[in-house]
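The values are calculated or read from the model by the stated rules, or taken from the named source; none is laboratory data. Keep in mind it's a predicted model, so treat the numbers as computed, not measured. As a convention, Cβ positions derive from the backbone with ideal geometry for all residues, glycine included, and neighbour counts pool all protein chains shown.
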Amino acid sequence: MANKVLFLGSKPIGYFCLEQLLQNQEAYNIEVVGVLTNNTNRMGVANLATLAEEYHVKVLNSLDEIYSIECDFLISVQYHQILRKKHLSIASKMAINLHMAPLPEYRGCNQFTFAIIDAKKEFGTTLHIMDEGIDSGAILAEQRFSIPEDCFVEELYELTLDASKQLFESKIGAILLGDCTPITQEQLLKDRTTSIHYRKEIATAKKIDLNWSEDKIWRHIRATSMPGFDPPYAEINGVKLNIIIEK
């Protein structure tokens, strides 16, 4: 009997992953039984709900509706709400998250920004088991890559998006078929660092102190100059000056 999958997600990567699941239901021995998304026609991709309807999959209207779905696997890809234990427990076998950052190094939000601020040379993306913590569950699969010199946050996002697509496409089938051995994050701490960041930290990261070293200023500028969002800035004599970089 096919395993039942409930998918929660949004954004371009969410659309890609849902499409992978829907197109490979027989190969993965699954049936996608429900989709929950806040994604409309944004960010250059079609609506995830429309995609689900094309495959005759039930589209949920709110997180409260997931209790009406029986599922073996819950898969979350860039879903915008926090999932509690009561939500995760509906999956009889496993709740899985695609976290677009390396673990345990970068848990939480704004991971691209802080990797650049921290002058990291390597980044990555991770499929992991969801638990009650923030991106703290055992790792199922990962893909890592080098960060280019003088990388801006937009470029790092695009590199991570590509790596995330490759990771999901190559590994989700084996995970759903039970051919995967999870590794706890605690097992990796002897060789890796760990940190957790929150959404509100980005406001502080954007504020440039002109007394910093040239290298630190440049890292913060590259880390927070994302098209479509407020730019980094400095204050001189009480006047806020936005910092706009023309590449």
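Observations on the structure shown:
- Residue in the range 91-110 that is assigned to a strand (DSSP E or B) and of a type in the set (Ser, Thr, Tyr) present: yes
- All of (1) free of Cβ contacts under 8 Å to residues at least 12 places away in the same chain; (2) more than 17 Å from HIS197 (Cβ to Cβ) hold for ILE82 with one exception: (2).
- Look at the range 180-194: where a residue is touching a residue at least 60 places away in the same chain (Cβ under 8 Å) and a partner is outside any helix (DSSP H, G or I) and among the charged types (D, E, K, R), sitting 6+ places away or on another chain with Cβ atoms under 8 Å, you get ARG192/GLU105; THR193/GLU105; THR194/GLU105; THR194/ARG107.
Residues checked against (1) outside the structural domain of GLY9 (by TED's automatic domain parsing); (2) surrounded by 14 or more Cβ atoms within 10 Å (Cβ to Cβ); (3) in contact with a Ser or Thr (Cβ under 6 Å, 6 or more places away or on another chain); (4) more than 30 Å from ALA2 (Cβ to Cβ):
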{"site": "GLY137", "(1), (2), (3), (4)": "no, yes, no, no"}
{"site": "GLU155", "(1), (2), (3), (4)": "no, yes, no, yes"}
{"site": "SER164", "(1), (2), (3), (4)": "no, yes, yes, no"}
{"site": "LEU176", "(1), (2), (3), (4)": "no, yes, no, no"}
{"site": "ASP179", "(1), (2), (3), (4)": "no, no, no, no"}
{"site": "GLN187", "(1), (2), (3), (4)": "no, no, no, yes"}
{"site": "LYS216", "(1), (2), (3), (4)": "yes, yes, no, yes"}
